[in-house]
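What follows is a set of notes on a single structure, which appears directly below.
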Amino acid sequence: MSKVRVRFAPSPTGGLHIGGVRTVLYNYLFAKKNGGDFIVRIEDTDQTRFVPGAEQYIFDCLKWCGLMPNESTINGGPHAPYRQSERKHLYKQYAEQLIKDGFAYYAFDTPNELEQMRIDFKTVDNPLPQYDGKVRMQMRNSLTLSADEVKKILDENTRHVVRIKMPAEETISFTDMIHDEVSFNSSLVDDKVLLKADGMPTYHLAVVVDDFLMEITHAFRGEEWLSSAPVHILLWKYLFGLEHMPQWAHLPLIMGPSGKLSKRDGVKYGFPVFAINWPQTTAEKNLKTNEFTDGFKEKGFLPEAFINLLALLGWNDGTEQEIYSIEELIENFSIERVHTAGAKFDYEKAKWFNHEWIKKLPVSNYQQRVKELFVSKNVKINDDAHFKKILDLVKERCVLLTDFFDQAVFFYQPPIVYDEESIKSKWDDAKHDFFKELTSKYNGISDWNLNLIEGEFKALATEKNIKIGELQMIFRIILVGSKIGPGVFVIAEYIGNTETISRIDNALINFSLF
RNA sequence: GCCGCGUUGGUCAAGGGGUUAAGACGCCUCCCUUUCACGGAGGAGUCACGGGUUCGAAUCCCGUACGUGGUACCA
């Protein structure tokens, strides 16, 4: 059996969303599992939709996810170029071969004429008429015009397209790796355009030709392509032979709260849909509505978690395992266990995956990103080793990387506001005196350590006959400002003797106002 | 409209003729902790509907409903 070769074929028109990344992932897992190659081919055949920067952005996303291809526009390969616009000259001969063999024809209908056809043929039963076997003989094409006329039109360089001539009453079926047998009636499929007036191929011609030329063995794509699969099957049959056709796998769609997950869903429902923020979109959104969506990266996701959650959205290995490293995914992945039904994306579960990965991974893995977060919020981190210890202390309470800020700022700066509600009822003169006296006790500690901090505190509480728990609560508000964080005495130990006393002094002044 | 693909708790899902129909997320209760988490113990909640086939159907078949994708010189 020949070497496994798969490809991800995005069109560079905008942000790479969850569905796209999952398609990449399944491609990647399948290739790695089978010792094959993963290729990225840029499908930029629609020149009207060219978006500068989109291609680079796609690779930025892949890099962040750790899913880099073996062959692509950026790292080359034996089948270069990998950008379809640069392969333009390759497609025409295949279109002409199809015409010669009677499987395709020239069509000269102008956009206006096509529009008119859709109006003329529109009925209640057929609201969206197609250019198909029922109407093609009433249109202007090389099937209805005489050979001389056709030659004349062609010689005059009149704009024209090439369309596939769908056969009548043929059952086109194939075995999909996910859906098993799928079949279509050829009469119901329209005569898709293969070569556009500008000389570029449409997706339909380009995939088939390039998959053949690039020796693709397994083709994964979203289920939105299933409807046009019969066109591709036929093209394979006419051009290269079905025996060379890759095995198809039509991946179930990832759904949003309302239908197929769209880029709009992000701003609409408040969760990320892009892997990394797509700057252009942000710029547009900012101009128009002053809102934008962060990508998973900006939102504080770890790539390990992102990959993990995407893998499990539509696939599982039949065991109860849910947390997988990329190596484990490669090891366990099987296309047969990919679901047939679409899965609704659940942001809550996505966050759970991230939480698990934050707990699982050593802090060193994401320390730099968290440090940047602190710096961006004007908190200086001078001691990386100490910072690491702090992150270790709070990691289990961080669901997103961005949570580290609230969970650890207080190690670097005193509280700005106090949670008044939590202490109001507990604060009185006795407590005031306790903390007043505590500062002098702490002042006397030369070896500032957990045992002494806690010991002095409890001894004084016993001596004053005040409930320790209540005092601890207040102490926490004094040091942190709110009811979060690790053990109070640990916090005191970390921030140091003078800072602890300073925060108590500060609180004594502020609390007297309650 | 037509064509394709789907349908197990709110969500992700295991299970593919006989199960008390797993598990996870989320939610609720309790324990731990006078914080927040983590951890632990419980709880509520499900086979879209109707017909078959069968001793027996969540599992097989047929309908219906619903969802979803396509129906472009977009991918």
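Taking all protein chains in place and a 1.4 Å probe, what share, in percent, of the accessible surface of segment A:396-511 do carbon and sulfur account for?
Carbon and sulfur together cover 47 percent of it.
Just to be sure I understand the model, the point goes 7 Å from the Cα along the line to the Cβ. What's the resulting residue A:443 to residue A:175 distance in nm?
Rounded to a tenth, the inter-label distance reads 8.6 nm.
Can you tell me the dipole magnitude for chain A around its Cα centre, using point charges on the Cβ only (Lys, Arg +1; Asp, Glu -1), in Debye to the nearest 20?
580
With an 8 Å Cα cut-off and a minimum separation of 6 or more residues, compute the relative contact order for segment A:362-411 in percent.
Rounded, it is 39 percent for segment A:362-411.
In terms of modelled amide H atoms, which long-range or inter-chain residues lie less than 5 Å from the amide H of residue A:11?
The list, which skips near neighbours in sequence, is A:43.
Would you kindly derive the ³J(HN,Hα) couplings of segment A:442-449 from the backbone phi angles with the Karplus curve 6.51 cos²θ - 1.76 cosθ + 1.60 (θ = phi - 60°), listing them in order in whole Hz, with x for Gly and Pro?
5, 4, x, 7, 9, 9, 6, 9
Relative to the longest principal axis of chain A, what angle (0 to 90°, nearest 10) does the C-alpha long axis of helix A:367-376 take?
Orientation of helix A:367-376: about 80 degrees from the principal axis.
Mind pulling the per residue volume of the convex hull built on the Cα atoms of segment A:420-511? Å³ is fine.
Normalising the Cα hull of segment A:420-511 by residue number yields 83 Å³.
Return the sequence-ordered ³J(HN,Hα) values of segment A:493-508 in whole Hz as given by the Karplus equation 6.51 cos²θ - 1.76 cosθ + 1.60 applied to θ = phi - 60°, using x for Gly and Pro.
Along segment A:493-508, the couplings run 4, 5, 7, x, 4, 5, 5, 4, 5, 4, 5, 5, 4, 4, 5, 4 Hz.
Assign unit charges at the C-beta atoms only (+1 for Lys and Arg, -1 for Asp and Glu), then state the dipole size of segment A:362-411 relative to its Cα centre in Debye, rounded to the nearest 20.
Computed about the Cα centre, the dipole is about 60 debye.
Once phi is turned into θ = phi - 60°, what whole-Hz ³J(HN,Hα) does the Karplus curve with 6.51, -1.76 and 1.60 give for every residue of segment A:41-49, x standing for Gly and Pro?
10, 8, 9, 10, 7, 9, 5, 6, 10
Compute from the Cα atoms of segment A:1-158 the Rg and the Dmax, the latter being the longest Cα-Cα distance, and quote both in angstrom.
Computed over the Cα atoms of segment A:1-158, radius of gyration and Dmax are 21.0, 57 Å.
Kirkwood hydrodynamic radius, segment A:199-345, all distinct C-alpha pairs: what's the number in Å?
18.0
So for segment A:84-251, averaging the separation of alpha carbon pairs under 8 Å that are six or more residues apart and normalising by length, what relative contact order in percent results?
25
With every protein chain left in place and a probe of 1.4 Å, what is the accessible surface of residue A:377, to the nearest 10 Å²?
Counting only protein heavy atoms, the figure is 100 Å².
Restricting things to alpha carbons, tell me how big segment A:358-400 is in terms of Rg and Dmax, in Å.
9.9, 28
Extending each Cα 7 Å along its Cβ direction at residue A:90 and residue A:242, get the distance between those two points in nm, one decimal.
Result for the modelled spin labels: 2.5 nm.
Give me the number: length gained by fully extending residue A:421 to residue A:159, i.e. 0.36 nm times residue separation minus the C-alpha to C-alpha distance, one decimal in nm.
Gain in length upon complete extension: 86.8 nm.
What residues qualify as long-range amide H neighbours of residue A:176, i.e. H under 5 Å apart, gap of 5 or more or another chain, H built at 1.01 Å from N?
For residue A:176, the qualifying residues are A:181, A:182.
Relative contact order of chain A, please, whole-number percent, based on alpha carbon pairs below 8 angstrom and at least 6 residues apart.
Result for chain A is 12 percent.
Rg/Rh for segment A:323-457: what does it come to with C-alpha atoms and Rh from Kirkwood?
1.14
Where the eigenvalues come from the Cα gyration tensor of chain A, what are the semi-axes √(5λ) of the equivalent ellipsoid, largest first, in whole Å?
After scaling each eigenvalue by five and taking roots: 65, 23, 19 Å.
In nm, what is the difference between 0.36 nm times the number of residues separating residue A:330 and residue A:74 and their Cα-Cα distance?
Taking 0.36 nm per residue and subtracting the Cα distance, the gain is 89.8 nm.
Out of all DSSP beta bridges in chain A, what portion is antiparallel? Express it as a percent rounded to 5.
55
Which GluC sites (Glu not before Pro) in segment A:86-173 pass both tests, a DSSP loop state and at most 16 other beta-carbon atoms within 10 Å?
A:156, A:169, A:170
Sequence-distant or interchain residues sharing an amide H contact under 5 Å with residue A:131, placed H: which?
Amide H to amide H, under 5 Å and 5 or more residues apart or across chains, residue A:131 pairs with A:191.
In terms of Cα to Cα distance under 23 Å, which lysines are near enough to residue A:431, apart from those fewer than 8 places away along the same chain?
The qualifying lysines are A:441, A:458, A:464, A:467, A:483.
Simple spin-label model, 7 Å along Cα-to-Cβ: residue A:428 to residue A:198 in nm?
Going by the 7 Å Cα→Cβ label model, 8.0 nm.
Tell me the mean residue ellipticity at 222 nm calculated for chain A from its helices only (DSSP H runs of n ≥ 4, each -39500 (n - 2.57), averaged over every residue, nearest 500).
-13500 deg cm²/dmol
How about segment A:10-81: which chymotrypsin sites (Phe, Trp or Tyr not before Pro) there lie in a loop by DSSP and see at most 14 other Cβ atoms within 10 Å?
Sparse-neighbourhood loop chymotrypsin sites (Phe, Trp or Tyr not before Pro): A:50.
Tally Lys/Arg at +1 and Asp/Glu at -1 over every other residue whose Cβ is under 12 Å from the Cβ of residue A:13; what's the total?
Around residue A:13, the charge tally is -2.
The values are calculated or read from the model by the stated rules, or taken from the named source; none is laboratory data. In this text, all values refer to a predicted model and were calculated from it rather than measured experimentally. When we count neighbours, we look across all protein chains shown, and the Cβ atoms used for this are built from the backbone with ideal geometry, even at glycine. The area values use the complete protein model at the heavy-atom level, side chains included, leaving out ligands, DNA and RNA. Shrake-Rupley method; radii C 1.70, N 1.55, O 1.52, S 1.80 Å.
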